[in-house]
């Protein structure tokens, strides 16, 4: 048999098998290449994220309103009899305490005797001290040493320190949240706080801005200037066993009309979960709906702009 003819016949006999082998190799190569491309694309499209968990906690609900300090009571210090002021022991804007000597007053008769020849050799009459009945701050000082005053003349005006209150302005739509006796907390400019309680509620609203004025009594004496504005936090309720997430785990649209979280469903896939927000407290936001569990994981960093069903790469929390 001719060798060339034998080879040709063999190829013709085996050609279907060879064609199938070529086709199979091409398909296998194509699938491998496609799989490789998908893996490369998957690796490239993953976003680096950090995770957080929900917390179960009880939270006090608070509303914050604006208040203004005000001294509600003023007083006067008067001369008990006619005479000459011999000592002034208090100054303008100075504080004084109960039973503190503020002035010394020499009776008119004593002053006349001392200035006449009849008083020679006689023991001078002592001056009378004028003391305070309560604590206060001198707001107006009318006399100085050597002035002659009549009985009943006003020597000084003062502010009663014990009458310090905070006038709280509450919009009428929030008036159902406050009432007499309700505890509150004053947030002072220096970053400190002071306890207080609502002492009384005005019977009528302010016609101009439609607010209700409440008077807050401070729990213990404190030095504050008058007409100082500060914030007053009022407790309006309590949430028991609420589910909360950090605020940075909550995402929303530009109109802030729709909110969602990005929940991790396995080790690399995050899905959008629409939510209904509730109360906010110290950087935490309550999740009212749907019900979530404290052991579930949510994206807290790197989730901005991520679409639904995104592949992610989880970074450790520092």
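Given a Förster radius of 22 Å and the C-beta distance between residue 57 and residue 220 as r, what FRET efficiency does 1/(1 + (r/R0)^6) yield to the nearest 0.05?
Taking R0 as 22 Å, the efficiency between residue 57 and residue 220 is 0.15.
Quick one: what do you get for region 160-235 if you divide its Cα Rg by 2.2 N^0.38 Å? Write out the running numbers ahead of the final one.
Working: Rg = 12.3 Å, N = 76, 2.2 N^0.38 = 11.4 Å.
Computed over Cα atoms of region 160-235, the ratio equals 1.08.
Pairwise over distinct Cα atoms, reciprocal of the mean inverse distance: report the Kirkwood radius of region 170-284 in Å, one decimal place.
Numbers: mean 1/r = 0.0556 Å⁻¹.
With all distinct Cα pairs of region 170-284 included, I get 18.0 Å.
None of the figures in this text is laboratory data; all of them are computed from the coordinates on show. This structure is a prediction, so every number in the text was calculated from the model and none was measured. Note: ideal-geometry Cβ built from the backbone for every residue, glycine included; neighbour counts use all protein chains shown.
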